[in-house]
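J.: Just passing along the structure, written as structure tokens.
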There are 2 protein chains.
Amino acid sequence: FLIEMTHILTDYILKENDRASKVLDFHHPHQLREMMDHCLDIDENPRDLEQILSDCKETLKYCVKTGHPRFFNQLSTGLDIIGVTGEWLTAVSNTNMFTYEVAPVFTLMEEVILRRMRDLIGWQDGDGIMAPGGAISNFYGVLLARQKYLPQARLNGMFGCGEPVIFTSKQSHYSIKRAAILLGIGANNVIYVDCDHRGKMMVKDLEEKIASSKRNGKLPILVNCMAGTTVLGVYDPLEEIADVCKRNSIWLHVDGAWGGSVLLSRDHRHLLNGVERADSMTWNPHKMMGVPLQCSVILTKHKKLLAEANQSNADYLFQKDKNYDVTYDTGDKTIQCGRHNDIFKLWLMWRAKGDQGFEEQISKNFELAQYTLEKVQNRDGFHVILDKLEAPNVCFWYLPLKWRQQSPSDINAKELNKIAPQIKAQMMESGTMLVQYQPLGDLPNFFRVAISNPVITTRDIDFMIDEIDCIGRDL
Amino acid sequence: FLIEMTHILTDYILKENDRASKVLDFHHPHQLREMMDHCLDIDENPRDLEQILSDCKETLKYCVKTGHPRFFNQLSTGLDIIGVTGEWLTAVSNTNMFTYEVAPVFTLMEEVILRRMRDLIGWQDGDGIMAPGGAISNFYGVLLARQKYLPQARLNGMFGCGEPVIFTSKQSHYSIKRAAILLGIGANNVIYVDCDHRGKMMVKDLEEKIASSKRNGKLPILVNCMAGTTVLGVYDPLEEIADVCKRNSIWLHVDGAWGGSVLLSRDHRHLLNGVERADSMTWNPHKMMGVPLQCSVILTKHKKLLAEANQSNADYLFQKDKNYDVTYDTGDKTIQCGRHNDIFKLWLMWRAKGDQGFEEQISKNFELAQYTLEKVQNRDGFHVILDKLEAPNVCFWYLPLKWRQQSPSDINAKELNKIAPQIKAQMMESGTMLVQYQPLGDLPNFFRVAISNPVITTRDIDFMIDEIDCIGRDL
């Protein structure tokens, strides 16, 4: 059974890397349900191994091939074979990360990797933990700031304390707001700072808003700085923001979920100059480093704060009278109790590639993005949003033939808004490729190509541009 | 490489099922670091595939074999081969659960399974989502109650609103308190209800504490009811607690992380009589159902509340102008953004076993626990904490020969407290088995054997009892 399963999975991997295969075989939810009707439902009865193998084949048939060289849809793409086998071993060892007792090797690996990541940031000391995704890592960032400035909230709740406020740019990820909601700070206490035309936080506006919130009796506790925004992929001016935070004694969190990985690239790490001055940082190796989902980290410069924010000293799990150094029981620092092993695949990939391999991989993403940008700039009907890249995101409108004499800003926004969804709907029907679109502020829907899959070549980029043009020109 | 990796992993699985193999090869953190020194560190340089295979072998060598028939340490044990291959396919398909677009098949599977689970509870309608562990599922439970009673907290934070309080038994899991801390309610607003001698919540005390908190101007928003406590494995009196909640209009959350699975057992589901009256429920298939880590669910009777509590309408991800029914994009209901696929392994195992297979598996756990209880009751030196089981937890003190004339309550608690840790330290050194110990309230350290691994037989139980006796008799 295991052997046959391995064959099925290997076939899928081969097919995924075959450009002639579809990226997806799209069906609407109700259609897919009908098509899978014979194998979707569960009931009283057991199915034999043959049926299970056939269920697996059926499942893979309708999966979206996120590792396909023509899947450009998310910030996490690609399928690293070392990473996959890392997940396989993780599944077989099937343990919980909460104590050294049951995860001795993985605990040490987590220590090694988190220390390496802090080194790259430039922190001598500090702490960190793996989290189930970047949104939860950002949640930790806000929690740490709350713990520092309102430590009494742990015991007494947020009642009767001053109202904290947090600052983040209009183009930051929604998880900052969600963290404020969950942590009892409230969405209205998230103050959005204006961005310049490139999408970077305007430091002057930040300073004014901090001053104004202080005048209103609020307590500024955190500024979130984007290192690679989700859509445009730009970096907020970190050094200047760090100055503002220092002057005002505010926690500086860097959301590097997407763009934090440039710390591994000598060519690009300058984008994060000043990061050593931050208090905490989110970094998702499952994005630009191509580690299988999920693999996200929260790092902080402060050694004890994670434990202070979370500790509960559960007697049944974190006994002090164990026969080993219990500071290795990491579970008391987390918002989870049980915790999946997300470290092994990252550790294994890092062993296999070394810093060097990740550096090359990241450089290649940037080169391909630059290639894409230039292609798009020189092609009729394509209009880039930003003409200079900081991360491997290329964002552009596509204009059908009928509008070729106009620029996107002259076209009725409502009309332009419909183009990308129509093209994408056709992409999905034909299954040849997948590219994300979205609006941004006042800007109507545009495409975002994000490159994080090392198997993509210039041929795939050419194909993608031709395909959009071919689907869209006569709309 | 993939083939060789499969061989390494298969070998591990075989060894894990071999009773002659050690459960663990224990070393202290600093020792293990030295022993793995040649393969633990990462640096500039890539390692070749041969080295990677050797790294994997080394890793497995020092892993704790959580699927070994003599690993009794956690509530999650065992290694189901269908579940493992489910994880392998998950790794290969490597997608994110946030949208139907990239996870069409898995989205439908999540829908099928969550509906099945709600059916078992007895809810006609409702909602649910997979969470990264039971602690986060419980966090959702408290969040839902906060959303219902203090919906303004989403926008305004917890300032200026009445002080909510939540109630839970003294033997409940620490994640309830942690959720209150995180959500801005505060640890002091978690009111602990007394338990009777069996560890069940005393309903009279609950009523008094609710009344008293109301007199103090507080707003009771949630009662947490344990369905299988972590240590003793007992069920709070659900029907009576539901009555209290109804009379007082309080949200009823059932923490069935460990014991919720008895809903699949016709013999044991009466323990959860009245669960259909609850508002939300945590249920971890990675515990009693033996699904690989992590697999945890939060379910609620209320259809819209999960979305109301979490929605953020992120434009870049949850576009309304997609070409399919976007209610299938589940991401906007979660506290995460990206979300690991935890459903496929559960779905695959459920297909393979049917309700029937899980029922048998759960019954077997209970039978073995009953066998353990009787053995322990009839053996010199062993003293059970509870003489009637509700879940497959057996808790007992072991007394060395020198104390055999006394009962545990006559022995100096400080002295008795040292026995279990000493025995466990020796177990770990010898690596023959692993059993959890902990104190509980005033009770000094005792052992807890929790049975959730289907490969355990009565021989393993006999072995475990003999081994404890052998290690501990002369202490």
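J.: Looking at (1) over 15 Å from the mean Cα position of the chain (by Cα); (2) open to solvent by 10 Å² or more (accessible area, probe 1.4 Å), which one does A:Val244 not meet, given that it meets all the others?
T.: For A:Val244, the exception is condition (2).
J.: Does B:Val254 count as closer than 20 Å to B:Leu232 by Cα and touching a helix residue (DSSP H, G or I) at 6+ places or on another chain (Cβ under 7 Å)?
T.: Details: closer than 20 Å to B:Leu232 by Cα: yes; touching a helix residue (DSSP H, G or I) at 6+ places or on another chain (Cβ under 7 Å): yes.
Against the criterion (closer than 20 Å to B:Leu232 by Cα and touching a helix residue (DSSP H, G or I) at 6+ places or on another chain (Cβ under 7 Å)), B:Val254 qualifies.
J.: So A:Asp380 passes all but one of these: (1) open to solvent by 10 Å² or more (accessible area, probe 1.4 Å); (2) more than 14 Å from chain B (Cβ to nearest Cβ); (3) not in a loop (DSSP other than H, G, I, E, B). Which condition number does it fail?
T.: The one condition A:Asp380 does not meet is (3).
J.: Right, something else. Give the stretch B:355-399 a look and list any residue that's of a type in the set (Gly, Ala, Ser) and closer than 18 Å to B:Val234 by Cβ, or say none. If you could, list the steps in order and put the result at the bottom.
T.: From the stretch B:355-399, those of a type in the set (Gly, Ala, Ser) are B:357, B:363, B:369, B:381, B:391; that's our starting set.
Listed by number, the residues that qualify are B:Ala369, B:Ala391.
J.: Looking at the stretch A:117-130 only, could you name the residues that are within 13 Å of chain B (Cβ to nearest Cβ) and open to solvent by less than 10 Å² (accessible area, probe 1.4 Å)?
T.: Correct list: A:Met117, A:Ile129, A:Met130.
J.: Of these, B:Asp236, B:Asp267, which one is within 30 Å of B:Phe446 (Cα to Cα) and surrounded by fewer than 23 Cβ atoms within 10 Å (Cβ to Cβ)? Show your work before the answer.
T.: On the way: B:Asp236 fails: surrounded by fewer than 23 Cβ atoms within 10 Å (Cβ to Cβ).
Answer to the check: B:Asp267.
J.: Scan the stretch B:79-111 residue by residue and report those that are of a type in the set (Val, Ile, Thr) and touching a residue at least 12 places away in the same chain (Cβ under 8 Å). If you could, list the steps in order and put the result at the bottom.
T.: Applying the first criterion (of a type in the set (Val, Ile, Thr)) to the stretch B:79-111 yields B:81-82, B:84-85, B:90, B:92, B:95, B:99, B:102, B:105, B:107.
Answer for the stretch B:79-111, where residues must be of a type in the set (Val, Ile, Thr) and touching a residue at least 12 places away in the same chain (Cβ under 8 Å): B:Ile81, B:Ile82, B:Val84, B:Thr85, B:Thr90, B:Thr95, B:Thr99, B:Thr107.
J.: When B:Tyr328 is evaluated against the numbered criteria (1) under 24 Å from B:Leu348 (Cα atoms); (2) more than 10 Å from chain A (Cβ to nearest Cβ); (3) open to solvent by 40 Å² or more (accessible area, probe 1.4 Å), which criterion, by number, is the only one it fails?
T.: (2)
J.: Does A:Gln436 satisfy the criteria of being part of a strand (DSSP E or B) and either more than 13 Å from chain B (Cβ to nearest Cβ) or not hydroxyl-bearing (Ser, Thr, Tyr) (or both)? Steps first, answer last, please.
T.: On the way: part of a strand (DSSP E or B): yes; either more than 13 Å from chain B (Cβ to nearest Cβ) or not hydroxyl-bearing (Ser, Thr, Tyr) (or both): yes.
Considered against the rule, which asks whether it is part of a strand (DSSP E or B) and either more than 13 Å from chain B (Cβ to nearest Cβ) or not hydroxyl-bearing (Ser, Thr, Tyr) (or both), A:Gln436 comes out as yes.
J.: Now for a different question. Being open to solvent by less than 50 Å² (accessible area, probe 1.4 Å) and either part of a helix (DSSP H, G or I) or modelled with pLDDT under 90 (or both) is the filter here, so list the residues in the stretch B:293-318 that pass it.
T.: Once the filter is applied, which keeps residues that are open to solvent by less than 50 Å² (accessible area, probe 1.4 Å) and either part of a helix (DSSP H, G or I) or modelled with pLDDT under 90 (or both), the stretch B:293-318 yields B:Leu305, B:Leu306, B:Ala307, B:Ala309, B:Asn310, B:Ser312, B:Ala314, B:Tyr316, B:Leu317, B:Phe318.
Residue-wise test of (1) touching a residue at least 24 places away in the same chain (Cβ under 8 Å); (2) crowded, with 24+ Cβ neighbours inside 10 Å; (3) under 30 Å from A:Leu443 (Cβ atoms); (4) over 25 Å from the mean Cα position of the chain (by Cα).
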position	(1), (2), (3), (4)
A:Pro132	yes, yes, no, no
A:Val142	yes, yes, yes, no
A:Pro151	yes, no, no, yes
A:Arg154	yes, no, no, yes
A:Gly162	yes, no, no, yes
A:Val165	yes, yes, yes, no
A:His173	yes, yes, yes, no
A:Arg178	yes, yes, yes, no
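J.: Looking only at the stretch A:4-19, filter to residues that are more than 7 Å from every other protein chain (Cβ to nearest Cβ) and under 26 Å from B:Val84 (Cα atoms); which one of those is surrounded by the most Cβ atoms within 10 Å (Cβ to Cβ)?
T.: Ranking the qualifying residues of the stretch A:4-19, first place goes to A:Glu16.
J.: Consider B:Lys375 against the criteria (1) within 10 Å of chain A (Cβ to nearest Cβ); (2) of a type in the set (D, E, K, R); (3) touching an Asp or Glu at 6+ places or on another chain (Cβ under 8 Å): it satisfies all of them except one. Which criterion is unmet?
T.: Here B:Lys375 clears every test but (1).
J.: If you take the residues of the stretch B:20-51 that are over 26 Å from the mean Cα position of the chain (by Cα) and touching a residue at least 40 places away in the same chain (Cβ under 8 Å), which of them is farthest from the other protein chains (Cβ to nearest Cβ)?
T.: B:Ser21
J.: Report yes if some residue within the stretch B:333-343 is at pLDDT 90 or above, in a helix (DSSP H, G or I), crowded, with 19+ Cβ neighbours inside 10 Å and within 10 Å of chain A (Cβ to nearest Cβ); otherwise report no.
T.: no
J.: Quick one: B:Ser363 ticks every box in (1) buried (at least 18 other Cβ atoms within 10 Å of the Cβ); (2) in contact (Cβ under 8 Å) with a residue 60 or more places away in the chain; (3) part of a helix (DSSP H, G or I) bar one, so which box is it?
T.: (1)
J.: Look through A:Val203, A:Val231, A:Val244, A:Val262 and report the one residue that is among the β-branched types (Val, Ile, Thr), within 30 Å of B:Ala307 (Cβ to Cβ) and in the same structural domain as A:Cys295 (by TED's automatic domain parsing). Can you show your working first?
T.: Numbers: A:Val203 fails: within 30 Å of B:Ala307 (Cβ to Cβ); A:Val244 fails: within 30 Å of B:Ala307 (Cβ to Cβ); A:Val262 fails: within 30 Å of B:Ala307 (Cβ to Cβ).
Among A:Val203, A:Val231, A:Val244, A:Val262, only A:Val231 is among the β-branched types (Val, Ile, Thr), within 30 Å of B:Ala307 (Cβ to Cβ) and in the same structural domain as A:Cys295 (by TED's automatic domain parsing).
J.: Give me the pairs, please: first residue somewhere in the stretch B:190-219 and open to solvent by less than 70 Å² (accessible area, probe 1.4 Å), second residue anywhere and small (Gly, Ala, Ser), beta-carbon distance under 7 Å, and either six or more positions apart or on two chains.
T.: Short answer, once both residue conditions are applied: B:Val190/B:Ala180; B:Ile191/B:Ser213; B:Val193/B:Ser169; B:Cys195/B:Ser169; B:Met201/B:Ser169; B:Leu219/B:Gly162.
J.: Check off (1) open to solvent by 50 Å² or more (accessible area, probe 1.4 Å); (2) closer than 20 Å to A:Leu79 by Cα for A:Val449 and give me the number that stays unchecked.
T.: Result: A:Val449 fails condition (1) only.
J.: Moving on to the next point. Quick test of your reading of the structure: B:Asn323 fulfils all but one of (1) of a type in the set (S, T, N, Q); (2) in a helix (DSSP H, G or I); (3) in the same structural domain as B:Phe106 (by TED's automatic domain parsing). Name the failing condition by number.
T.: (2)
J.: Report yes if some residue within the stretch B:101-116 is within 23 Å of B:Leu264 (Cβ to Cβ), buried (at least 24 other Cβ atoms within 10 Å of the Cβ) and more than 9 Å from every other protein chain (Cβ to nearest Cβ); otherwise report no.
T.: Our first condition is that a residue be within 23 Å of B:Leu264 (Cβ to Cβ); within the stretch B:101-116, this holds for B:106, B:108-116.
From the residues that got through so far, the ones that are buried (at least 24 other Cβ atoms within 10 Å of the Cβ) too are B:106, B:110.
With more than 9 Å from every other protein chain (Cβ to nearest Cβ) added as a condition, the list becomes B:110.
Yes, some residue in the stretch B:101-116 is within 23 Å of B:Leu264 (Cβ to Cβ), buried (at least 24 other Cβ atoms within 10 Å of the Cβ) and more than 9 Å from every other protein chain (Cβ to nearest Cβ).
The values are calculated or read from the model by the stated rules, or taken from the named source; none is laboratory data. Bear in mind the structure is a predicted one, so any value in this text is a computation, not a measurement. So basically every Cβ, Gly included, is an ideal-geometry build from the backbone, and we count neighbours across all protein chains shown. These accessible areas exclude ligands, DNA and RNA; they are computed on the full protein's heavy atoms, side chains included. Shrake-Rupley method; radii C 1.70, N 1.55, O 1.52, S 1.80 Å.
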